[in-house]
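Structure, as structure tokens:
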Amino acid sequence: MFAPERVGGDYFLYPIVRTMQKIIIDGYNVIHADADLRRNAARAMEDARRALLERVRAYLADRQVQVTVVFDGAGGLVDAEALVPGRLQVLYSARGQSADEVIVATLESHPNPRQYIVVTSDMADIGRRVRAIGAVVMASDEFLERMGTSGTSNGDTGPGGRRSEKPDPAGEDIDYWLRQFGAGGEKSGDRDD
């Protein structure tokens, strides 16, 4: 089995000896990186947490990874069916402690933090700290895309539900380019502009 490590924009694989890959998710970062989860959170944070856990559970169905989702603050209820024994764990930070501190403490207490991927939107603070410990950092929206969910901060998705960096072209733009390339009925020499 291999653990990915991101260096620049590329991932490199490092061998892991007989261990399952571990992912730690900064729960509220992921909730706020996804338009649907944010809408759930606006109604009730417990609904957003539950929806995130359902997505993670579905993600685990065909992968051999262990996931820990960490939320700030004294926790709400977690449905027992949302958990996957030995593979999905939910932690809430103690009073006066942040989820970031729980994540760092988890990594520092592990003999091999290189086998962890930490999912967060806070690349500057927690991202820097966990990289210094040896873990890999993945952006929340990138993880949402890998899970096959929208993962968009603004709700825009491209083909296949993937995040699109560019807006969809307007119909007149498509018609213009079809004419330019001779596929729209008029040849490029017949344009009237």
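The values are calculated or read from the model by the stated rules, or taken from the named source; none is laboratory data. In this text the structure is predicted, and so the values were computed from the model without any measurement. Cβ sites come from the backbone with ideal geometry, for glycine too, and all protein chains shown count toward neighbours. When the accessible area is computed, the model is the full protein with side chains, heavy atoms only, and any ligands, DNA or RNA have been set aside. Shrake-Rupley method; radii C 1.70, N 1.55, O 1.52, S 1.80 Å.
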request  = Could you tell me which of the residues ALA124, ALA132, ALA58, ALA94 is of a type in the set (Gly, Ala, Ser), in a loop (DSSP other than H, G, I, E, B) and at pLDDT 85 or above?
outcome  = ALA94
remark   = Condition set open to solvent by 40 Å² or more (accessible area, probe 1.4 Å) and touching a Ser or Thr at 6+ places or on another chain (Cβ under 8 Å), scope segment 49-73, selection farthest from VAL104 (Cα to Cα): answer is ARG55
query = In segment 108-126, what residues are in contact with a Ser or Thr (Cβ under 7 Å, 6 or more places away or on another chain) and closer than 15 Å to ALA139 by Cβ?
reply = VAL119, THR120, SER121, ILE126
